[in-house]
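A short write-up of the structure that comes next.
Every number here is computed from the coordinates shown, using simple stated rules; none is lab data. Everything numeric here is computed off the predicted structure, so don't read it as measured data. Methodologically, a virtual Cβ is constructed for each residue, glycine included, from the backbone with ideal geometry; neighbour enumeration extends over all protein chains shown.
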Amino acid sequence: MREDLLYFIWKHNKLPAKQLCASNNKTVLVKATGIQNRVAGPDFFNAKVEIDGQLWAGNVEMHLKSSDWYVHHHETDENYDNVILHVVWEDDIAVFRKDGSQIPTLEVKHYVSEELLDRYRNLLENSRSSFINCEKDLKELDSFLVENWLHRLYIERLEHKSKLIMDLLETSKNDWEAVLFKLLAKNFGSKVNGPYFLERAKQLDFSIARKTSNEPLQLEALLFGHFGLLNVSDCTDTHYLQLKKEYGYLIQKFGMTENLSKPDFFGLRPPNFPTIRISQLVSLYLGNHNIFSKLMDLNKLEDIYQVFAVCAGSYWENHYTFGKTSKQRIKKLSKKFIDLVIINTLVPLKFCYAKHVGKDWNEELVELVSQIEREENSIIKNFKEIGSKTQNALESQAKLELYNNYCSKNKCMQCAIGTQLLNRNT
């Protein structure tokens, strides 16, 4: 038994409409269950409950045992002074408010149908052995409900991603162009170097990047040096030495601190080497002012692809690392990589910017991300194996949100799919 089932029972009116009786033998009639609270404080706000003929309006708190009231120290918390009813699975002790008045307690274990309990047990019994709890029942659900829920989950995922963006906006003094640069740096670092690239980008005064953006050698030296790519021992490569010298000049000119740390190359395929990614980032910003403003104005996928149609510099056409030649190859950003940039940086940034300026771009963003191919990872593969196909990037992002924040945490009662399964024929 978990408290989330109590929330479900209360929220979805699974208690009999009549014949409810509190522990003090007073009749209870639920007029309105109230609004569920998912942060600190009582579990449901603004409920209406008739107790022994008297109508009460206030909050409802829920616990597995009534003694949990004292375990959580609610008796000393003024936030619980307006609790009108204590709903518990098992009533093992009388509960009092801070002023000494007793709170009516409704013990519900005798009122819940065995059918509902069986459904709940069946949903959770394979939580350790299956991919997700509802995998056997998922195909039976109404496709409209699932599609609706995935759309809501996608917006929820954008909300979660908004926190980093708004934090970056604050530290960047409301410079959206600087925020874009930091997020792109994180993306260009991918999984291995993303956190390192983000931290380094945070430590770069973006105005310096602006000032050097029309000078190819200076911009390349700035970014290669700042992201730790000019710390190669005993390298006599001409291009490397030229960048190293220019970086030293920039350090003196702008009063920067030399970066002695290094990104990671281990485990990466050569096209993902940080040297290649930073060179591509240099190409993106070289002579390209106001990229943020330009991207905010674009809604067509083809136009966005055009902005990111950049290649690593000419030196890198036959190099992956300094001083070691390789087969000639133009190292252009792939469509798959650009898709990830759109999914993980551009769309969340557009979402935050729209909210910031008081616009609603949700429909446009949903349409945009729906045109992008789904991501390929172990979670999406597992969904496919249980018969849940993923059509596009919106659905793959939504399923990542579903699995990471609901399925893997057994939050079935907070999930539209889980509640639908429990609501069937009960």
Please build a GNM for the chain, connecting alpha carbons under 10 Å apart, and tell me which residue among Val192, Val39, Val28 fluctuates the most. Val39
Quick one: Val108, Val369, fewest Cβ neighbours within 10 Å first, how do they rank? Val108, Val369
Thr212 neighbourhood, Cβ < 14 Å, K/R = +1, D/E = -1, net charge -1
If you average the alpha carbon positions of segment 299-328 and of segment 89-104, how far apart do those two centres end up, in angstrom? 68 Å
Non-local amide H neighbours of Trp56 (under 5 Å, H modeled in plane, Pro and chain starts lacking H): which ones? Val49, Glu50, Ile51
Treating the angle as unsigned and between 0 and 90°, give the value, to the nearest 10°, between the Cα long axis of helix 347-356 and the longest Cα principal axis of the chain. 70 degrees
Could you tell me which of rounded, prolate or oblate describes segment 178-302, using a ≥ b ≥ c as the square roots of the eigenvalues of the alpha-carbon gyration tensor, with rounded for a/c under 1.5 and, failing that, prolate when a/b is larger than b/c and oblate otherwise? oblate
Segment 32-186: C-alpha gyration tensor shape, a/c 1.5 cut-off, then a/b vs b/c: oblate
How large is ³J(HN,Hα) for each residue in segment 67-75, as worked out from phi by the Karplus curve 6.51 cos²θ - 1.76 cosθ + 1.60 (θ = phi - 60°), to whole Hz, x for Gly and Pro? 5, 5, 4, 7, 4, 8, 6, 5, 5
Which of the listed residues, Leu260, Tyr80, Thr105, is farthest toward the dipole's positive end in the chain, when Lys, Arg count +1 and Asp, Glu count -1 at the beta-carbon? Leu260
Given a Förster radius of 35 Å and the C-beta distance between Arg152 and Asn231 as r, what FRET efficiency does 1/(1 + (r/R0)^6) yield to the nearest 0.05? 0.15
Shape metrics for segment 3-112, restricted to C-alpha atoms - Rg then Dmax, Å: 12.4, 33
Shape category assigned to segment 279-422 from the gyration tensor of Cα positions, a/c cut at 1.5: oblate
For segment 123-230, what relative contact order do you get, as a whole percent, if you take Cα pairs closer than 8 Å and at least 6 residues apart? 11 percent
Hey, can you grab everything whose amide H is under 5 Å from the amide H of Ser67? Only 5+ residues off in sequence or another chain; H modelled, so Pro and N-termini drop out. Asp92, Ile93
Springs between alpha-carbon pairs under 10 angstrom, Gaussian network model over the chain: which of Glu115, Glu159, Glu364 fluctuates most? Glu115
Residues meeting the amide H criterion for Phe96 (H placed from the backbone, H to H distance under 5 Å, 5 or more places apart or on another chain) are Ile103
Subtracting the Cα-Cα distance of Lys327 and Leu141 from 0.36 nm times their residue separation yields 61.7 nm
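Taking other Cβ within 10 Å of each residue's Cβ, how do Leu349, Leu250 sort, fewest first?
Details: Leu349 23, Leu250 20.
Neighbour counts put them in this order, fewest first: Leu250, Leu349.
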Once the Cα atoms of helix 393-405 and of the chain are each reduced to a long axis, what angle between those two axes, in degrees from 0 to 90 to the nearest 10, is obtained? 50 degrees
Give the angle, between 0 and 90 degrees and rounded to the nearest 10, that separates the Cα long axis of helix 143-171 from the longest principal axis of the Cα atoms of the chain. 60 degrees
Just report the Cα centroid separation between segment 217-248 and segment 377-426, whole Å. 47 Å
Per the helix-only calculation at 222 nm, which mean residue ellipticity applies to the chain, given -39500 (n - 2.57) for every DSSP H run of n ≥ 4 and division by its residues, nearest 500 deg cm²/dmol? -14000 deg cm²/dmol
Report ³J(HN,Hα) in whole Hz for each residue of segment 306-322, in order, from the Karplus equation J = 6.51 cos²θ - 1.76 cosθ + 1.60 where θ = phi - 60°; Gly and Pro get x. 5, 4, 9, 7, 10, 10, 5, x, 4, 4, 7, 5, 10, 9, 10, 9, 5
When Ser326, Ser378 are ordered from fewest to most other Cβ atoms inside 10 Å of their Cβ, what list results? Ser378, Ser326
Applied in sequence order to segment 366-373, the curve 6.51 cos²θ - 1.76 cosθ + 1.60 (Karplus, θ = phi - 60°) yields integer Hz couplings, x standing for Gly and Pro, of 4, 5, 5, 6, 5, 8, 8, 5
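What full-extension length gain, to one decimal in nm, is calculated for Glu115 and Gln414 as 0.36 nm per residue of separation minus the Cα-Cα distance?
Full extension of this stretch gives 105.7 nm more.
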